[in-house]
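Shown next, in structure tokens, is the structure this report addresses.
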Amino acid sequence: METNQQQEHVHLLIIGSGPAGYTAAIYAARANLKPVLYQGIQPGGQLTITTEVENYPGYPEGVQGPEMMVDFEKQATRMGADIRFGLATSVDFSSQPYKITIDENKVMTADAVIIATGASAKWLGLPSEQRLNGSGVSACAVCDGFFFRGKDVVIVGAGDTAAEEALYLSKMCNNVHMVVRRHEMRASMIMQDRVMKTSNIMVYWNSETLEVLGENKVEGVKLLNNKTQEETTIPVSAFFVAIGHQPNSDIFKDVLELDEQGYIKTVPGSSRTSLEGVFACGDVQDKIYRQAVTAAGSGCMAALDAERYLSAKEHNN
Ligand SMILES: Cc1cc2nc3c(=O)[nH]c(=O)nc-3n(C[C@H](O)[C@H](O)[C@H](O)COP(=O)(O)OP(=O)(O)OC[C@H]3O[C@@H](n4cnc5c(N)ncnc54)[C@H](O)[C@@H]3O)c2cc1C
């Protein structure tokens, strides 16, 4: 049968170009694994949509997210990683070498694969939320809470993460207004208890956000009580959304073990997935920490795991 598909074999293929993917590329290139990395539609990953990053070690004055990711890419390239623009559109891991289709037309075969496809924050979908994203609207309290110390902020969400982030914010912000859609929270009882006992967290039950207010930065939020239909405006400096994340793992869902939320399962203390020779790192397998530095650390782990796997395989052949 005739086919238009091009094929290429590589020792190690890395999918994704956030802190995890680039760090894996740096380590793998230095271990002479000649990695090829596909960047996906967001070269540099999530940090390219933020402004200042102040908590990544090595930048004493802070750094702009996009600039930091260019530094990551330059370092990976300098070490010899082959960085390419392209999206992994499907995978066939039924036999080795593994097959990864790029942009639906090129088939890469690889002896080992590192998945570093990250995750995306879920948003409410309000135009004002989108317009002020990065100007006071954030999906990461640990990343951005510090910029609003001493100020009043809103956090939307009712799960454990929202409760944790509200508590985190309560330690540095003046008042934390927590917006909960129903008359109860989904968070565990212990987390709810901590929230309720924190004097500067105010919970708004049965409440929804109508609009985030402000021209160039967040200045307030308009809420609707969905029981009484009463509207309230609260002046705040930041609007945190904590309604969950979506791991970018769709193309792996029938081939690797994922948890109930779609995160790739890895063997604790390693980057090994349910399939030999396939490793996962960064936010696609981490629903707890979700930080650039932890993603980079796990990218290092994935490269070292892949190196050991490939080396053992070579010795056994
Ligand atoms: C607005 C914002 C601000 C943040 N600020 C901070 C901060 O100040 N400090 C901090 O430590 N963390 C911060 N974070 C969190 C941090 O960005 C993430 O924890 C980190 O980027 C995760 O890295 P990653 O490499 O796992 O994935 P990501 O950065 O999500 O990158 C995923 C990569 O995979 C690629 N990809 C996805 N699917 C495919 C595919 N099918 N084929 C090929 N490539 C694919 C994407 O194009 C992207 O390059 C912030 C996040 C956001 C959204």
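Below, the figures for the structure above:
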quantity: Long-range neighbours under 7 Å by Cβ, at least six apart or interchain, first residue without any contact (Cβ under 8 Å) to a residue 24 or more places away in the chain within region 25-52, second assigned to a helix (DSSP H, G or I) and of a type outside the set (Val, Ile, Thr); calculated: Thr48/Gly65; Thr48/Pro66; Thr48/Met69
quantity: Odd one out for Asp103 among (1) away from the ligand (no atom under 11 Å from the Cβ); (2) more than 21 Å from the chain's Cα centre (by Cα); (3) not small (Gly, Ala, Ser); calculated: (1)
quantity: Tally of residues being of a type outside the set (A, V, I, L, M, F, W, C) and surrounded by 17 or more Cβ atoms within 10 Å (Cβ to Cβ) across region 273-296; calculated: 9
quantity: Number of the exception - Leu132 against (1) within 11 Å of the ligand (Cβ to nearest atom); (2) under 28 Å from Gly214 (Cα atoms); calculated: (1)
quantity: Criterion: closer than 27 Å to Gly16 by Cα and either of a type in the set (D, E, K, R) or in the same structural domain as Gly65 (by TED's automatic domain parsing) (or both) - qualifying residue of Arg131, Arg194, Arg186, Arg182; calculated: Arg131
quantity: Qualifying residue in region 44-56 (condition: modelled with pLDDT of 95 or more, within 13 Å of the ligand (Cβ to nearest atom) and in contact with a Phe, Trp or Tyr (Cβ under 8 Å, 6 or more places away or on another chain)); calculated: yes
quantity: Flag for Thr273 being assigned by TED's automatic domain parsing to the domain that holds Asn175 and away from the ligand (no atom under 11 Å from the Cβ); calculated: no
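Table: residues versus (1) assigned by TED's automatic domain parsing to the domain that holds Val113; (2) β-branched (Val, Ile, Thr); (3) assigned to a loop (DSSP other than H, G, I, E, B).
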| site | (1), (2), (3) |
| --- | --- |
| His11 | yes, no, no |
| Ser17 | yes, no, yes |
| Gly21 | yes, no, no |
| Ala25 | yes, no, no |
| Asn32 | yes, no, yes |
| Leu37 | yes, no, no |
| Thr48 | yes, yes, no |
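The values are calculated or read from the model by the stated rules, or taken from the named source; none is laboratory data. This one's a predicted model, so the numbers in the text were calculated from it and none came from an experiment. As a convention, Cβ positions derive from the backbone with ideal geometry for all residues, glycine included, and neighbour counts pool all protein chains shown.
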